[in-house]
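The values are calculated or read from the model by the stated rules, or taken from the named source; none is laboratory data. Keep in mind that what you see is a predicted model, and the values were worked out from it rather than measured. Reconstructed Cβ throughout: ideal geometry from the backbone, glycine too, with neighbour counts over all protein chains shown.
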Amino acid sequence: MASVRPTTAPSESSSHVEMLRKLRNARRYTHLKQSSRAEHLVLTTHSYLTYHVDPILSKAITYMLVEQPPPAAIHPTLTAYFSGVEAGTPPAPTPMAGRAKISSKDRLFMAKAMAPLFSKLMNLLLAARPAPEEIMGFIIAAVKDMEAEASAAAEAAALAEEVAANEKLMAEQALAAAPAKPSAAYPSKMTILCVGVDGAGKSTFLKAVQGHENPNCKPTVGFECVTLKLEATKVQFYDLGGGDKIRDIWDSYYHDVHAVAYFVDAACDDMKWKETVEVAKATLGHTYLSGKPLLVFCNKSEAKAARDVDEIQSELQISAPPGGNTRVSAVTLHPQKTASPGTPDPNIDSALEWLFDCIAGDFENIKARLVEDVEKERIREAKEKAEKDRRVLTKSLCKAFGKDIETGGEGPVEDVFSVEDGHEFLAQEIGFLKAEELVEEGREICEIVGYQKLAMMMVGGMFAPISSKKRKWTWPEIKAHVLEVKAEIGL
Ligand SMILES: Nc1nc2c(ncn2[C@@H]2O[C@H](COP(=O)(O)OP(=O)(O)OP(=O)(O)O)[C@@H](O)[C@H]2O)c(=O)[nH]1
Ligand SMILES: [Mg+2]
């Protein structure tokens, strides 16, 4: 069969090639033209800046660097300077008094005050490109515009500040005018969770509130409970180790506490701080904790590197409006690190008193929430346990009938009794002395579970649980359950 593809080029091929060549040449030409235009632009910009702008601005920068007027006087000083230059009487800078080197103060002034101003000036000049003889007039007008802009912005900022200050004052007045909450009687027991990453100072705090003058704590491994007696009230603090391997246990205590004392090391390094923020957000957002009274101790506040309360509050995304049940306090928890070593930081007592009042003031609601959360937790744990038991039963049934749980193929048969031994084993598991005492339904279940040791132990535990708190299953319930699991795994 003849090929449909032409063996020779079509007749107009040569004209195509010609067109392509033309097109390519045209592109090359435009490209060259563009590049030389850009080159021209660069060259003219460069020479404009070098010959006309730089000589003016560099002298102005030097003048300003020597004068360093306060922020409000920067624009007027510059205007006066440029006007003097234009009039041919440039102001003489103040003598440098032997200052030969640029100090860090000079650098700061340059970076913060001068660089933005001069780069804006340069951009305006480049955009407008006034003729050389008009540059000075242009600069003076531009600086005046900038001054007007800056003073409008400053006015707006001052106004916003005034409004914020007024709002704060009004909130404080409203708080002060509100009838003082009668300090509710303390309940008989309050439980406070103490958490925060390792090294934040939880154990130091608990030693200090117990009266230790110079606590020397080792990292807490696991959980410790410290109880303080406050007249008729027992205050229980749960001190949980903050190391990353211990944090897993924290959430098993959340449902059962009335309030949270959260500890952060305000002076830790940046890496630890990142961890602190992540852990704090996850912890405080937990469903069993959110909304409960919260006291955040920003510890080690005496250290130079300590972050301030506002920064911590904002990074941890904590909202603590006045009169609410959240408070963030800067403290020095170690009694030897305070301004008068040996005397505890007074902020600790006032913060604790606030926390106790907070719990007492809302105790009925918190108590109701605890009852609800304890029940939720009980259900969650029971579900988890049932799932785990089901997994174990599945495994043991696989062992009874030689099935590989992973592949679904054949597996080893393990720990399987003879019929007689199986009956005897289950009878003993449920507290009978002899196999004969085992009822027919029990024997039938032995057969259904293939006389497998672990499966029969589980069956025994269901029929006659050791703990009185556990549900007691009947034989038909157990049979139905085992058959369901067997069906699920295809046995
Ligand atoms: N500078 C300073 N150091 C403190 C202060 N409070 C505690 N520390 C020190 O911080 C370190 C850790 O204190 P701990 O109380 O063990 O911290 P923790 O939160 O219980 O730590 P984990 O048990 O590991 O979770 C110790 O060396 C304390 O002496 C303080 O107010 N200022
Ligand atoms: Mg500790």
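Quick notes on this structure:
- Restricting ALA38, ALA72, ALA97, ALA92 to residues that are among the aliphatic types (A, V, I, L, M), modelled with pLDDT under 85 and touching a Ser or Thr at 6+ places or on another chain (Cβ under 9 Å) narrows the list to ALA72.
- Annotation for the range 218-240: at least one member residue is aromatic (Phe, Trp, Tyr), within 14 Å of ligand 2 (Cβ to nearest atom), modelled with pLDDT of 95 or more and surrounded by 12 or more Cβ atoms within 10 Å (Cβ to Cβ).
- Residues satisfying the stated conditions in the range 301-356, i.e. surrounded by fewer than 13 Cβ atoms within 10 Å (Cβ to Cβ), under 19 Å from LYS272 (Cα atoms) and of a type in the set (Gly, Ala, Ser): ALA305, SER314
- Residue match in the range 177-190 (condition: modelled with pLDDT of 95 or more and within 31 Å of the chain's Cα centre (by Cα)): yes
- Out of LEU352, LEU295, LEU333, sole residue that is touching a residue at least 40 places away in the same chain (Cβ under 8 Å) and either assigned to a loop (DSSP other than H, G, I, E, B) or more than 16 Å from ligand 1 (Cβ to nearest atom) (or both): LEU333
- Residue in the range 224-236 that is within 11 Å of ligand 1 (Cβ to nearest atom) and touching a residue at least 24 places away in the same chain (Cβ under 8 Å) present: no
- For the range 183-213, the set of residues classified as part of a loop (DSSP other than H, G, I, E, B) and away from ligand 2 (no atom under 16 Å from the Cβ) consists of SER183, ALA184, ALA185, TYR186, PRO187, SER188, GLY211, GLU213, listed by residue number.
- Residues of the range 111-132 classified as in contact with a helix residue (DSSP H, G or I) (Cβ under 7 Å, 6 or more places away or on another chain) and free of Cβ contacts under 8 Å to residues at least 12 places away in the same chain, total: 2
- Condition met for ASP251 (touching a residue at least 24 places away in the same chain (Cβ under 8 Å), within 16 Å of ligand 2 (Cβ to nearest atom) and farther than 18 Å from PHE356 by Cα): no
- Restricting attention to the range 244-264 and to residues that are part of a loop (DSSP other than H, G, I, E, B) and within 13 Å of ligand 1 (Cβ to nearest atom), the residue that is nearest to the chain's Cα centre (by Cα) turns out to be ASP244.
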